[in-house]
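Visitor: This structure is in structure tokens; I'll ask about it shortly.
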Amino acid sequence: MASHHKHQQRGAAATAPGALPVINIGRLGDKDPAARALVVQDIARACRDRGCFQVVNHGVSKSAMDDALEAASEFFDMPAERKAAFACADIRSPVRYDTSSKDGISKARSFLKHYANPLDHWVDSWPTQPATYRKKMGTYAVEIQRLSIQLMGAIVQGLGLCPMHLQEKLGAGLQFMALNNYPQGSSRAGDTVGLAPHSDIGFITILLQSSPGLEVTHHDDGGVWTPVPAIPGALHVHLGDHLEVLSNGRLRSLLHRAILNTDEERISIASIHGAAIDEKVGCAEELVDERHPRMYRESSFHDFLDFLPTNVKAYRRFVETLKIDSA
Ligand code: OGA
Ligand code: NI
């Protein structure tokens, strides 16, 4: 615990925008629309002002969260040759393990990435070792997918859209999981970046971290990095490029990075939720009018994968490449 505290203090000194919002979403499923509306309002404000928030009382069981981190940790503890069996040069591969920085943003991490929704379609491609991996990660994936749909209902409602907007598409949508393993950093080197600044594709990312290390900066934070504290039981949520597009620029995707922990190695599990792999995402028609001209071209997750290999020299958020010249 002491080590976590140290990290939070380190960040606090350099933090201009104030503490990141922690939202109790227990009443999101409430029959009373007024109780739900209060939570929707908190989420809308956090999305607009910070691009991220943590959720508590989210309904994902503690055991599912603990088991997922344990399964990830056991995977990364396996001998290198075992893990290398999942290495694949094709970024479209359903499962991919990597240790290097070919993607331009991985500085010191190894990762396993795979799809998860619908689970019965993807689970056969997942690792069979450690023996409990599929069961533990599968249980977590399903609970997180359910939470993502609930959160998206609130986020689109906060944008003034019908809460049912997109719900069907999300149910059949993308869930792309990245399990990240960062080595312990040297305390002499100062802050060392494990994963360079980037935004995620998809509408939202839900992230579980074993210890602090995630840092965020929103578009109007003036480049100040705010550490995301590892609150026991909480899940971190941030906005992706496709939510910026959907909202026609009312919301912005979140720039984030991971710093190496000087006390211990670190594991995080990021779950990206979006529209189906080939489904084009554009600005919601309800948010386009004379005063708010369409700001972005439509694109799919596959378009994003095509863009990735071209984005290794000078990093750009994918969403920047989608902007329609209004001049
Ligand atoms: C990611 C990511 C942050 C972290 O996997 O896209 O941003 O804390 N991870 O590992
Ligand atoms: Ni990310």
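The values are calculated or read from the model by the stated rules, or taken from the named source; none is laboratory data. These figures come from a predicted structure and were not determined experimentally. Here the Cβ positions follow ideal geometry from the backbone for every residue, glycine too, while neighbour counts run over all protein chains shown. Just so you know, the surface numbers come from the protein's heavy atoms only, side chains and all, with ligands and any DNA or RNA stripped out. Shrake-Rupley method; radii C 1.70, N 1.55, O 1.52, S 1.80 Å.
Visitor: What does the charge count near Thr128 come to, summing +1 for each Lys or Arg and -1 for each Asp or Glu among other residues with Cβ under 14 Å from its Cβ? Working shown, then result.
Guide: Values: positive: Arg82, Lys83, Arg134, Lys135, Lys136; negative: Glu74, Asp124.
Charge balance in the 14 Å sphere: +3.
Visitor: Hey, another quick one. Out of the trypsin sites (Lys or Arg not before Pro) in region 121-210, which ones are loop residues according to DSSP with at most 10 other C-beta atoms within 10 Å?
Guide: Details: sites: Arg134, Lys135, Lys136, Arg146, Lys169, Arg188; in loops: Arg188.
Filter output for region 121-210: Arg188.
Visitor: Ignoring any ligand, DNA or RNA, what whole percent of the accessible area of region 249-316 comes from carbon and sulfur when the probe is 1.4 angstrom?
Guide: Details: 1690 of 3370 Å².
It is 50 percent, rounded to a whole number.
Visitor: Region 204-263 to region 100-141: how many Å between their Cα centroids?
Guide: When both Cα centres are located, 21 Å separates them.
Visitor: Do any GluC sites (Glu not before Pro) in region 43-144 lie in a DSSP loop with no more than 16 other beta carbon atoms within 10 Å, and if so, which? Can you show the working numbers first?
Guide: Values: sites: Glu70, Glu74, Glu81, Glu143; in loops: none.
Here no loop site has a sparse enough neighbourhood.
Visitor: Could you list log10 I(q)/I(0) for the chain at q = 0.10 Å⁻¹, which the Debye formula gives when each Cα is one point scatterer?
Guide: -0.55
Visitor: For Ser125 and Asn57 in one chain, what is 0.36 nm times their gap in residues minus the Cα-Cα distance, to one decimal in nm? Each step should come with its number before you reach the end.
Guide: Values: separation 68, 0.36 × 68 = 24.48 nm, distance 3.19 nm.
Result for the pair: 21.3 nm of gain on full extension.
Visitor: Further question on the same structure: Contact order normalised by length for the chain, with contacts defined as Cα pairs under 8 Å and 6 or more residues apart; what percent is it?
Guide: Details: 643 pairs, mean separation 67.0, N = 327.
It comes to 20 percent, rounded to a whole number.
Visitor: Tell me which DSSP H helices of the chain clear both cut-offs, 15 Å or more of axial length from alpha-carbon atoms and a mean Kyte-Doolittle hydropathy of at least -1.0.
Guide: Numbers: long enough: 2-13 (17 Å, -1.73); 33-49 (24 Å, 0.15); 62-76 (21 Å, -0.07); 133-158 (36 Å, 0.03).
Membrane-span-like by this criterion, though nothing is claimed about a membrane: 33-49, 62-76, 133-158.
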